[in-house]
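This report concerns only the one structure given below.
Any read-out appearing in this document is the output of simple, stated calculations on the displayed coordinates, not a laboratory observation. Worth saying up front: this structure is predicted, and the values here are computed from it rather than measured. Quick reminder, even Gly has a Cβ in these numbers, built from the backbone with ideal geometry, and neighbours come from all protein chains shown.
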Amino acid sequence: MSSDPNCIFCKIVAGAIPCFKLYEDGETLAFMDINPVHDGHCLVIAKAHYPTLFELPAEAFAAVGRTAIKVAKAVNAAVSPDGLNLIQSNGPGAAQSVPHFHLHILPRWKNDGLVVNWALKPGDRQRIGEVAERIRALL
Ligand code: 5GP
Ligand code: ZN
């Protein structure tokens, strides 16, 4: 499996950096975003290192998609948002900050005023962990 020693998500896959893990299978990993826009904001990544959609094999996209459906349903049940976006960014013009393919699962609220290219603000780790518990219990 391809891996980049300088990539933060590859380090998470390898267990060298901790995460609030929600789910994993052979090809994918889901974990809480450490700078959540809203409660329940999490990521699904391919375990192998592909920087963007443009390098990603279709099979890996399908595997990420399977995990995303499963995790998004649990997020939706855990935090009961008004809606939920899947967001996936490629390249600096799309404000991709981690060049390892990933999908954002992003609960949304009516009138939350969210602009898609948000600034990163550190989250409360205790709260992130508590929300992770609620989602994991539904997986
Ligand atoms: P992008 O900007 O590439 O679409 O999204 C990358 C996401 O990864 C950001 O929302 C950011 O908060 C998240 N992120 C960056 N570094 C880490 C980390 O070390 N751990 C976790 N859990 N999330 C991270
Ligand atoms: Zn990587």
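Regarding Thr52, is this residue within 12 Å of ligand 1 (Cβ to nearest atom) and either touching a residue at least 40 places away in the same chain (Cβ under 8 Å) or surrounded by fewer than 17 Cβ atoms within 10 Å (Cβ to Cβ) (or both)?
On the way: within 12 Å of ligand 1 (Cβ to nearest atom): yes; either touching a residue at least 40 places away in the same chain (Cβ under 8 Å) or surrounded by fewer than 17 Cβ atoms within 10 Å (Cβ to Cβ) (or both): yes.
Yes, satisfied.
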**Q.** Selection within region 17-35 - part of a loop (DSSP other than H, G, I, E, B) and of a type in the set (Asp, Glu)
**A.** Asp25, Glu27, Asp33
**Q.** Near pairs, Cβ below 7 angstrom, 6+ apart or cross-chain, from region 23-35 (within 18 Å of Glu59 (Cβ to Cβ)) to any residue that is basic (Lys, Arg) and outside any strand (DSSP E or B)
**A.** Glu27/Lys47; Thr28/Lys47; Leu29/Lys47
Q | Index of the failed condition, Lys11 passing every other in (1) over 17 Å from Val131 (Cβ atoms); (2) of a type in the set (Lys, Arg); (3) touching a Gly at 6+ places or on another chain (Cβ under 8 Å) | A | (3)
Q | Selected residue (only one of Ala46, Ala62, Ala30 is over 15 Å from the mean Cα position of the chain (by Cα) and either more than 14 Å from ligand 2 (Cβ to nearest atom) or buried (at least 20 other Cβ atoms within 10 Å of the Cβ) (or both)) | A | Ala62
Q) Looking at (1) within 16 Å of ligand 2 (Cβ to nearest atom); (2) out of contact with any Lys or Arg (no Cβ under 8 Å at 6 or more places or on another chain); (3) under 13 Å from Val131 (Cα atoms), which is the only condition Ser80 fails? A) (1)
Q.
For region 119-139, give me the residue count where each residue is of a type outside the set (Gly, Ala, Ser), closer than 18 Å to Ala77 by Cβ and in a loop (DSSP other than H, G, I, E, B).
A. 2
(Q) Residues to consider are Leu86, Leu106; find the one that is hydrophobic (A, V, I, L, M, F, W, C), without any contact (Cβ under 8 Å) to a residue 24 or more places away in the chain and within 21 Å of Phe61 (Cα to Cα). (A) Leu86
